[in-house]
Every structure is written in C-alpha cells, then in structure tokens.
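Below is one structure, written out as structure tokens; comments come after it.
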Amino acid sequence: MNFGKVLTAMVTPFDINEKLDVEKISELVEYLIKNGTDGLVVAGTTGESPTLSSKEKIILFEHVVKAVNNRIPVIAGVGSNTTKGTIEFMKQVEETGVEALLVVSPYYNKPNQRGLYAHFSTIAKETNLPIMLYNVPGRTASKLEAETIIELAAIPNIVSTKEATGDLEAISEIIEKTDANFTVYSGDDSLTLPIKAIGGTGIVSVASHVIGKELQKMLQAYDDGNVKEAAALHRSLLPIMKGMFMAPSPTPVKTALQLQGFDVGDVRLPLVPLTEEERNELSILLSTR
C-alpha cells in the first residue's frame, strides 16, 4: 500500500511539565503537512513511544486524527514485545480512526524467525487495518530476515515494511519477491535515495521535520528521471540527515524545531537534552541550509 513518498515519524510535543501538549499537536500536524509530509507515523521511536502510556497514546492518536481531518494517512505505532499485549492495545487504537498500524519487531525477548512470523501473522488476523512492519534491529535486537518479510507480505493486510536495517541486499530481495502493491520504506534518512533507486517507495523520516520539502524535491527529481539532480540533492541534505542523529533521537530533531522557532518541548528521561556544545553545533548546521 502506498502511503506517499515522505512519511514523517512525528515527534510527540510535550509542555513544560512533560505532559502531552494537545494544542501543539494540532499545530505540528499543520506545520508538517505544509512542509512536505504525505503521511504521519505517530508514537513510533521518534514519538518517544517507550515513555508514553497507553492512555497517552490513545489521546495522541485521537488528536492527530482530528487535526489531519482525512487529508493524509495516519499510521499508529502499536507494537510491543508481547503479542497478546499488542493485540489488546491495537483493539483500542482501532477506535481512534487511524488508517493503518506500525508494528515493530518484538524487542528484548529476541524471538527467532518462526516466532517473528507467528507474532506478526497472529496480530494481522486480529485486525482489518493495514499493517506496516517495522524492522529496526539496532533498537530491538530482533531482525526480520528478508525471507520472513516476503512470507508475511502474502498476508493480505500486511501491506508495507519500514526497513531500518541498512541492508540493501535484503531490501532488494524483499522488493523483488513481493507483490508490486507491497511497499518498502526506508527507515534511515540517509538511505532514502539509495532505497528509492532499487525500487523502494519512500522514507519514514525524522529529518522531514526540518527538510520535508527538500526530500520531496529529491524524490520527485528521481521520479522525473533527473538522477544527477537527485543525487546532488542527496549529498547536500546528508549533513542535515546525519545531524538529526548527533545524539539519541528524537533529541536533535526536537532541538532543531526549537531553534527554528517551533517549540515542541524537551524529551522525557531517560533521554536528555543536548549539551550547549551540541546545541551550538546543530544551530550552525541548520544555518547552512
């Protein structure tokens, strides 16, 4: 399923007391739509999902869906390291009006490929909503191998995967051996163009909070056959992409928004704000755009 070219892994706005900032959620949705976002991935890694309670996530989904008002897809992060718990929460999320679900590979318990297939296939049977797999072994220690994704893609409502593996060979195999309607998104900003070049659909992006329009321009240039222009844009955007990960995400991107006059609050512990040196470095980087 094609959710668009540039999907933003949206940060979660907090107020000064680290509570959900409902007003700022609506403002952020408008800001992102105006700046190149085709769809929103909410309460994923960039949304600080490990620090959000289930109640907070439901409130977040409800407000994002209301603010979006059917203009772009809203994909809700529902995954956890327990199959039963994911299904129970997913049932609540279905009532919020989101268009699709992002389900991360189980973390910490490190299931094998049979266990991963059983986890995702069991979840898929319990919902009619489309599912985007989220393959991010750097955070979960649980990698979905290409063969498992290809097998899962045969399940009708498993329609997409977000690949944050950096494994272009595996991603090529997934694209080659799945139906044309099964979409593959880069989960790494810096691999947006390389994955596009081997048949990927687009990016679930952190940097799109800052360079959404530029990412759209790069992908459009590639689609138009202007490969050299797309490559030049990729190279010029790479420092910003890397800068969004100069410290554990989403600390840099939240700081970048603040530096640009759009304050979405700080991160919750155990993440910590940038040091003054890091903040200055990021400010200099943004000034070169």
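Please go through region 101-118 and pick out each residue that is under 22 Å from MET1 (Cα atoms), open to solvent by less than 30 Å² (accessible area, probe 1.4 Å) and either polar (S, T, N, Q) or touching a helix residue (DSSP H, G or I) at 6+ places or on another chain (Cβ under 7 Å) (or both).
Result: LEU101, VAL103, VAL104, SER105, LEU116.
Report yes if SER205 is under 26 Å from GLU30 (Cα atoms) and buried (at least 21 other Cβ atoms within 10 Å of the Cβ), otherwise no. Spell out the reasoning first.
Working: under 26 Å from GLU30 (Cα atoms): yes; buried (at least 21 other Cβ atoms within 10 Å of the Cβ): yes.
Considered against the rule, which asks whether it is under 26 Å from GLU30 (Cα atoms) and buried (at least 21 other Cβ atoms within 10 Å of the Cβ), SER205 comes out as yes.
Tell me yes or no: at least one residue of region 119-127 is open to solvent by 10 Å² or more (accessible area, probe 1.4 Å), out of contact with any Gly (no Cβ under 9 Å at 6 or more places or on another chain) and farther than 18 Å from ILE158 by Cα.
Looking through region 119-127, none of the residues is open to solvent by 10 Å² or more (accessible area, probe 1.4 Å), out of contact with any Gly (no Cβ under 9 Å at 6 or more places or on another chain) and farther than 18 Å from ILE158 by Cα.
Could you check region 131-142 and list, in sequence order, the residues that are hydrophobic (A, V, I, L, M, F, W, C), under 20 Å from TYR108 (Cα atoms) and open to solvent by less than 10 Å² (accessible area, probe 1.4 Å)? Before the answer, list the steps.
Restricting attention to region 131-142, the residues satisfying the condition of being hydrophobic (A, V, I, L, M, F, W, C) are 131-133, 136, 141.
Retained after the next criterion (residues that are under 20 Å from TYR108 (Cα atoms)): 133, 136, 141.
Listed by number, the list holds a single entry, LEU133.
Within region 143-152, track down each residue that is surrounded by fewer than 21 Cβ atoms within 10 Å (Cβ to Cβ) and outside any helix (DSSP H, G or I).
Within region 143-152, LYS143, GLU145 qualify.
Could you please give the count of residues in region 235-261 that are open to solvent by 30 Å² or more (accessible area, probe 1.4 Å) and either outside any helix (DSSP H, G or I) or within 14 Å of SER205 (Cα to Cα) (or both)? Walk me through it before giving the result.
Residues of region 235-261 that are open to solvent by 30 Å² or more (accessible area, probe 1.4 Å), as a first pass: 235-236, 238-239, 242, 245-246, 248, 258-261.
This time we only want the ones that are either outside any helix (DSSP H, G or I) or within 14 Å of SER205 (Cα to Cα) (or both), so: 238, 242, 245-246, 248, 260-261.
Looking only at that region, the number is 7.
Of all the residues that make up region 49-99, how many are in contact (Cβ under 8 Å) with a residue 60 or more places away in the chain and touching a Ser or Thr at 6+ places or on another chain (Cβ under 8 Å)?
Result for region 49-99: 1.
For region 60-81, does any single residue satisfy the condition of being hydroxyl-bearing (Ser, Thr, Tyr) and surrounded by fewer than 19 Cβ atoms within 10 Å (Cβ to Cβ)?
no
If you scan region 1-27, which residues turn out to be surrounded by fewer than 24 Cβ atoms within 10 Å (Cβ to Cβ) and out of contact with any helix residue (DSSP H, G or I) (no Cβ under 8 Å at 6 or more places or on another chain)?
MET1, ASN2, GLY4, PHE14, ILE16, ASN17, GLU18, LYS19, ASP21, GLU23, LYS24, GLU27
The values are calculated or read from the model by the stated rules, or taken from the named source; none is laboratory data. Please read these numbers as outputs of a predicted model, since none were measured by experiment. Neighbour counts run over all protein chains shown; Cβ positions are idealised from the backbone, glycine included. In case anyone asks, the SASA skips ligands and DNA or RNA and just uses the protein heavy atoms, side chains included. Shrake-Rupley method; radii C 1.70, N 1.55, O 1.52, S 1.80 Å.
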